[in-house]
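For reference, the structure discussed in these notes is given below.
Readers should treat all values here as calculations from the given coordinates under stated rules, not as data from a laboratory. Just so we're clear, the structure is a prediction, and the values are computed from it rather than from any experiment. Here the Cβ positions follow ideal geometry from the backbone for every residue, glycine too, while neighbour counts run over all protein chains shown.
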Amino acid sequence: MSVQSVDLGRLCYNGQTLAQNSRPTRVVTTTTERGAARGRLRRLDPAQDMGAIAQLIGAAFGDDMDTQGRAALRDLRWMSRMSPLVWWWAQADPSFRETYNGFVWEEPSSTRKGRGTVVGNANLMISPGNRYRWVICNVVVREDYRRQGIARRLMEETIDEARRQRAEEVVLQVYQDNLAALRLYTDLGFQQVVGEMGLHLAAVEAVEAVDAPGYELRPYRPASAGGQAAYDLASLAIPTAQQWLKPVRVGEYEPDWVTRAGGRLADLAAGRRSYRLMAFKDNEPAALMSVEASLRQQAHSLKLLIHPKHRGQLEPMLVSRALSMLAGLPGRAVQATVFTDHSAAIEALGQYGFREKRTLLTMSYGLTKRGVAHE
């Protein structure tokens, strides 16, 4: 997620970045099956529900949260203690209400007179850069209330709200191994449009760097024309559906000196080194490789962006070079992420010992301009 608004989208945590107002967010969903719940569905009230939502999200996803997610959760809990200010804020600022749009499920409580206990939540927000596409996130139900149809009711109402907002499409993300959620979303009409696979290598070992004929690796230099070239390459390499959630922004690839200095300080504080290399063929950018080397106990990370027309030609070179760079450091594990349509990268990583850990799917549900679902 000062007095400043805590972006609920930052708690849409699961492993895929979502951008809202240029701030990174994470999308996460969980589910229940159809059943008979006794409570009621109502619109989210920021002044009343912040603490309960924070508790739900923390219990469901706390163990998987990164530093950003934990900070956003702390901010959300802080705001839950500022109910009068939050109420005033919600009345005065329309953008605040848009940020905290969504629904909760409330069960009767014998200990809270006039108020129930919030046991489920779903949030809805505009997709960055497109007011006709909305994102559903933070769908969570308390464990002891699952399999009672609460998630289905939350999803149905959230989709109806998107219709009322004249959305033409709603999207969400879910892990592929969450079979109950996949069944629910498929039953509601969502279809898979893209996936991002996380792969894991238990420990780095020395490997021989291989070449790709006709390709040359150079250090990435964002201060020169390399920044624009990297931005153009990323725009082509990242699937369109993935950019619905996190648009490719020039500033990520062509940062100013303040951003670069901040990045170096962040690396220093986190005990890591960041490297970026670009591959060229006849001076045409073909790929961008990002490596984060951990100097502490965390795993190293590797990410590949390869121009579609160069796929299948240089993946072994990039993976072997990355592992060669990391071999001189303490033998940590390595986490890699690739898009599921990039079979050559998945194959190359597998040849060097990487194994699939978890795959995050993006799913879409089309609505007509008048808010009626496509048949």
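Odds and ends about this structure:
- The eigenvalues of the Cα gyration tensor, multiplied by 5 and square-rooted, give the range 143-279 an equivalent ellipsoid with semi-axes of 39, 21, 17 Å from largest to smallest.
- Between Asp282 and Lys309, residue separation times 0.36 nm minus the direct Cα-Cα distance comes to 8.3 nm.
- Among Asp63, Asp211, the ranking by other beta carbons within 10 Å of each residue's beta carbon, starting with the fewest, stands as Asp63, Asp211.
- Ranking Gly271, Gly251, Gly328 by how far each Cα lies toward the positive end of the dipole of the range 198-356 (charges on Cβ) leaves Gly271 at the top.
- Computed over the alpha-carbon atoms, the range 130-196 gives an Rg to Rh ratio of 0.96, Rh here being the Kirkwood radius from the mean inverse distance.
- Ascending count of other beta-carbon atoms within 10 Å, so fewest first, for Tyr352, Tyr185: Tyr352, Tyr185
- Net charge dipole, the range 198-356: roughly 480 debye, given to the nearest 20, about the Cα centre with Cβ charges of +1 for Lys and Arg and -1 for Asp and Glu.
- Phi to ³J(HN,Hα) by Karplus 6.51 cos²θ - 1.76 cosθ + 1.60 over the range 348-356, Hz, x for Gly, Pro: 5, 4, x, 5, 9, x, 6, 10, 4
- Each residue of the range 317-330 was assigned a 3J(HN,Hα) from its phi angle through the Karplus expression (A = 6.51, B = -1.76, C = 1.60, θ = phi - 60°), giving 4, 5, 5, 5, 5, 4, 5, 5, 5, 7, 5, x, 9, x Hz with x at Gly and Pro.
- Positive-pole candidate from Met317, Ile238, Gly227, dipole of the range 198-356, charges at beta carbon: Gly227
- Residues Val135, Val119 arranged by fewest to most Cβ contacts within 10 Å: Val119, Val135
- Convex hull projection area averaged over all views, the range 198-356, Cα basis, nm²: 9.1 nm²
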